[in-house]
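Each reported figure results from applying straightforward, stated rules to the coordinates on display, with no laboratory input. Quick caveat, the model's predicted, so the values are computed rather than measured.
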Amino acid sequence: MKKGYFGDFGGQFIPELLMPPLIELEEAMERILPSEEFKTRFANMLKENVGRPSTITYCPNMSKELGVELWLKREDLNHSGAHKINNTLGQGLLAKMMGKEVLLAETGAGMHGVATTVAAAMLGMKAVIYMGATDVVRQAPNVNRMRLMGAEIVAVESGTKTLKDAINEALRRWLADQENTHYCFGTAAGPHPFPKLVREFQQIISKEARQQFMDRNDGDLPDVVVACVGGGSNAIGMFHNFVPDESVKIVGVEAAGTGEPGCHDSAPLDHGTDGILHGMKTKLLQTKEGQILPSHSVAPGLDYPGVGPEHAHLQDIGRAEYVTVNDAQAINAFKMLSQREGIIPALESSHAVAYAIEHKEELQGKSVLVCLSGRGDKDLGILDEIL
Ligand SMILES: *Cc1c(COP(=O)(O)O)cnc(C)c1O
């Protein structure tokens, strides 16, 4: 396999100027990640600060109603409310041990910005967060959280004023200030080595969940493992340690937006074509001429026109299947999990839960382990408007 590629996808499609920090990062990964100091400090932080291991939860009421054995991996219980902190603490500690002082990050839903700011505060670093101006308004509670914890927020006014524009501006800032700054990329995408680095920190989700499920089920594995796919970090974390288990079906759920014909969605694996964005070759929502299309989902964390390259590869070789769930189906799952089990999921995670509801006929009697990537507190404003 070519270096930095997953089959045909991945690579480093970047300006020459960005090569030095990426080489420095890759070298630091090889040197620092296997060190006893890193491993011990990181394990302690995951335990003390994040609250790992996160539990798995059986859902008795929904299982009965659907005829599907529904289990959740509870990343919503992590400190700061989602899986993202696994990655930001990992990258933050790596950057600190590299001698960096600033954590730079882009954020869409605000969750990655919050998780980066939390990591920076814990590690005694400064957080600089780039956010599309539209998202700054849509995600006001997260903006307040970041400011309270000492982050500098940069509102990006270019393009569609959302995540993809924030990534472009953050990469520019990194170029200007490489010496002191680590670019803490928020998902398992972007140029090599980010997809690999983020997977390294998120694979703990399936490492724990696989063992926890077997402990609760006489050594059996789940029939199906499910996660929502935005950039693909919670999904690759949830899938990674199940990939060698041939009996386990792996399903990624993309956002279909409103689901009406002609409307924008966020489903590059289901509806996209091969192309290059943010330093990687992957599946993209684009015109025939290669113009990136606007994406849409009710779940702000899924609203991205690209996807991590390893997912494009897993789809290509047939190891994982990618399906879509629309806004209304996700909201239905949100209500159902809240009312039947007393768990308020993030709208992103609701897409993964919706898979079990929408496909219940073919899943009768099967065990389905869903990654509940985050909690829904951040989405109550969006839901207020809709319901
Ligand atoms: C950000 C986010 C996602 C989407 O990001 P991935 O990198 O695809 O995991 C999903 N769920 C929650 C709760 C999020 O905050």
Expressed as an acute angle from 0 to 90° and rounded to the nearest 10, what is the orientation of the C-alpha long axis of helix 163-176 relative to the principal long axis of the chain? 30 degrees
Quick one: P(r) of the stretch 73-175 from all Cα-Cα pairs, 5 Å bins, percents rounded to integers, in order of increasing distance. 2, 15, 24, 24, 20, 10, 4, 0
Just for the chain, what percent of DSSP beta bridges are antiparallel, to the closest 5? 30 percent
Distribution output for the stretch 1-149: share of Cα-Cα pairs per 5 Å bin in percent, first bin at 0, values 2, 8, 14, 15, 17, 15, 14, 8, 4, 2, 1, 0
Taking 8 Å as the Cα distance limit and 6 or more residues as the minimum spacing, I'd like the relative contact order of the chain as a percentage. 20 percent
Qualifying lysines (Cα of each under 19 Å from Cα of residue 335; at least 8 residues distant if same chain): 64, 73, 360, 378
When the chain is treated as a Gaussian network with springs between alpha carbons less than 10 Å apart, the largest mean-square fluctuation among 275, 252, 99 is found at 99
Using only the Cα atoms, work out Rg/Rh for the stretch 29-96, with Rh taken as the Kirkwood radius, to two decimals. 1.17
In Å, the Kirkwood hydrodynamic radius from C-alpha pairs for the stretch 167-246 sits at 14.3 Å
Gyration tensor (Cα only) of the chain to equivalent ellipsoid, semi-axes in Å sorted down, yields 30, 23, 21
At q = 0.09, 0.17 Å⁻¹, what base-10 log of I(q)/I(0) does the Debye formula yield for the stretch 169-304 when every alpha carbon is treated as an equal point scatterer in vacuo? -0.34, -1.01
Candidate aspartates and glutamates - alpha carbon under 14 Å from residue 47, same-chain residues fewer than 8 apart omitted: 75, 208
Would you mind checking 3/164; 84/283; 126/207 for any pair whose Cα atoms are more than 29 angstrom apart? 126/207
P(r) of the stretch 249-387 in 10 Å steps, Cα pairs, percent per bin? 12, 40, 34, 13, 1
